[in-house]
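Presented below is the structure to which this report refers.
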Amino acid sequence: MTSPKKQIESHSLMPFIDLKAQLARLRSNIESAIKRVLDHGTFIMGPEVYTLEEQLKTFCEVKHAIACSNGTDALNLGLMAYQVGPGDAVFVPSFTFAATAEVVVWRGAVPIFVDVLESSYNMDPDSLEQGIRYAKSLGLAPKGIIPVDLFGQPADYDTIQSIAHKNCLWIIADSAQSFGATYKTKKVGNIGNIATTSFFPAKPLGCYGDGGAVFTNDDDLAVLIQSLRIHGQGKEKYDNVRIGINGRLDTIQAAILIEKLKVFPDELIVRQEIADTYFRGLQGILKTPFLQKDVTSSWAQYTVCLPETVCRKKLMEKLQSVGIPTVVYYEKPLHLQTAYRQYPTATGKGLPQCEKLSHVVLSLPISGYMHEAERIICALRKFI
Ligand SMILES: *Cc1c(COP(=O)(O)O)cnc(C)c1O
């Protein structure tokens, strides 16, 4: 099996997302930041949480940033603020991580799965309109839309916004993967009625555990979400005025995020450089990601589409054998997954683009610390 030539070529497996290199750069600052929290001892809602919220507000150019426990709870807090419940329909893309639809089910509402565009992998506005008609025909009350900024690129918000407006729907932007990206003149976080993000370690801005945030320009929603995040507390600590959740961000995670946010703009530049290198190097052998006009991506993933003649599994094995890890996001669209099959799709039938993409997509290594794009391009050119 292993010819001498192959042995020479083989490499130890590089990390898919290089968090160790980032830690090496930031270690002493992060250790000091954690030590400061250990010294002051306010582990819950300590000063770092409020500092981080101020910095997130500035970074996203939005009026309110509310740190919370994770990206899933961030979405859930948005739905709770809008009092989503039984009989309501919420429109979500099917080509996404399960959390986007899961929170809708938590609230007793019905997620309606919408198809995505083959070009951007994001919510297809035509499919959304079809879904709204279909939900009404099922006797459901359309309430809102959760577009996802898949792999780091914001969805087509102008078009989605006009559909939302026409149908009196709110938008909660699931920006778990796109923190740091921009849509026309707006930063992610300052899009939709509410935007949410995740600080899961592998996201563009990640902490060392679970974390997330909710963003809004609406003062009333902000007050509501701040209360919901801490068990529905009112002005007096022991008079809870509504049913909420335990949805706080730990002070230690906030302290870590403050340090990581300092280098985040540099990391976004490196991610863009890698994306540019991939784009130039991979032309003609596969489909590189398409960006809409006047939109930037935070490149949470660099996801390509393979020609249908290429066996993805074999290609992944060959890449693995030369030390290059790849991942399939996502093998199965949500509307085909066991827990979600029972919920309606926008068409009442299949979602052709989601289904097609799930067979041909492949995500390549990318991070603010990856220097092997050229080698990965050579390997892909050789193996395809
Ligand atoms: C990661 C992710 C979430 C959930 O974030 P957690 O912090 O892991 O709860 C939600 N939506 C999308 C699209 C994600 O990628």
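The values are calculated or read from the model by the stated rules, or taken from the named source; none is laboratory data. Predicted, not measured: the structure shown is a model, and the values here were computed from it. Glycine also receives a Cβ, built like all others from the backbone with ideal geometry; neighbour counts cover every protein chain displayed.
Number of residues in the range 68-82 that are within 12 Å of the ligand (Cβ to nearest atom) and either within 20 Å of Ile44 (Cβ to Cβ) or surrounded by fewer than 23 Cβ atoms within 10 Å (Cβ to Cβ) (or both): the value is 9. Tell me yes or no: at least one residue of the range 294-306 is closer than 29 Å to Phe43 by Cβ, more than 16 Å from the ligand (Cβ to nearest atom) and modelled with pLDDT of 95 or more. Looking through the range 294-306, none of the residues is closer than 29 Å to Phe43 by Cβ, more than 16 Å from the ligand (Cβ to nearest atom) and modelled with pLDDT of 95 or more.
Residue pairs, Cβ under 8 Å, 6 or more apart or interchain, first in the range 245-260 and closer than 12 Å to Met45 by Cβ and touching a residue at least 12 places away in the same chain (Cβ under 8 Å), second basic (Lys, Arg) and part of a helix (DSSP H, G or I). List them. That search, which allows pairs on different chains as well, returns Gly247/Arg229; Arg248/Arg229. Annotation note: of Gly71, Gly78, the sole residue that is closer than 19 Å to Gly206 by Cβ, assigned by TED's automatic domain parsing to the domain that holds Pro204, under 24 Å from the mean Cα position of the chain (by Cα) and modelled with pLDDT of 95 or more is Gly71. Scanning the range 232-253 for residues being buried (at least 16 other Cβ atoms within 10 Å of the Cβ) and out of contact with any Cys (no Cβ under 8 Å at 6 or more places or on another chain) gives a total of 7. Can you confirm whether the range 264-275 contains a residue that is in contact (Cβ under 8 Å) with a residue 24 or more places away in the chain, closer than 20 Å to Ala176 by Cα, among the acidic types (Asp, Glu) and part of a strand (DSSP E or B)? No; the residues of the range 264-275 include none that is in contact (Cβ under 8 Å) with a residue 24 or more places away in the chain, closer than 20 Å to Ala176 by Cα, among the acidic types (Asp, Glu) and part of a strand (DSSP E or B). Restricted to helices (runs of 4 or more DSSP H) entirely inside the range 83-178, those with at least 1 residues that are more than 25 Å from Tyr329 (Cβ to Cβ), away from the ligand (no atom under 16 Å from the Cβ) and aliphatic (A, V, I, L, M) are 125-137, 157-166. Within the option set Phe91, Phe151, Phe97, being within 24 Å of Asp294 (Cβ to Cβ) and of a type in the set (Phe, Trp, Tyr) holds for one residue only, Phe151. Among the candidates Lys287, Lys235, Lys293, Lys260, the residue that is among the basic types (Lys, Arg) and more than 22 Å from the chain's Cα centre (by Cα) is uniquely Lys235.
The rows are residues; the columns are (1) within 29 Å of Leu13 (Cβ to Cβ); (2) surrounded by 14 or more Cβ atoms within 10 Å (Cβ to Cβ); (3) hydroxyl-bearing (Ser, Thr, Tyr); (4) within 16 Å of the ligand (Cβ to nearest atom).
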site: Ser321; (1), (2), (3), (4): yes, yes, yes, no
site: Tyr329; (1), (2), (3), (4): yes, yes, yes, yes
site: Cys354; (1), (2), (3), (4): no, yes, no, yes
site: Leu362; (1), (2), (3), (4): yes, yes, no, no
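Residues that are farther than 11 Å from Ser94 by Cβ, assigned to a loop (DSSP other than H, G, I, E, B) and under 24 Å from the mean Cα position of the chain (by Cα) within the range 346-371 comprise Pro365, Ile366, Ser367, Gly368, Tyr369, Met370, His371, listed in sequence order.
Could you look through the range 189-204, keep only residues that are assigned to a loop (DSSP other than H, G, I, E, B) and in contact with a Phe, Trp or Tyr (Cβ under 6 Å, 6 or more places away or on another chain), and pick out the one that is nearest to Cys60 (Cα to Cα)?
Per the criteria, the residue is Gly189.
Residues in the range 188-231 that are loosely packed, with under 15 Cβ neighbours inside 10 Å, away from the ligand (no atom under 16 Å from the Cβ) and among the hydrophobic types (A, V, I, L, M, F, W, C): Val223 alone. Regarding Thr51, is this residue over 30 Å from Arg375 (Cα atoms), touching a residue at least 40 places away in the same chain (Cβ under 8 Å) and outside any loop (DSSP other than H, G, I, E, B)? When the stated conditions are applied, Thr51 passes them.
The set of residues in the range 243-255 being assigned to a loop (DSSP other than H, G, I, E, B) and either at pLDDT below 95 or out of contact with any Leu (no Cβ under 7 Å at 6 or more places or on another chain) (or both) consists of Ile243, Arg248, Leu249.
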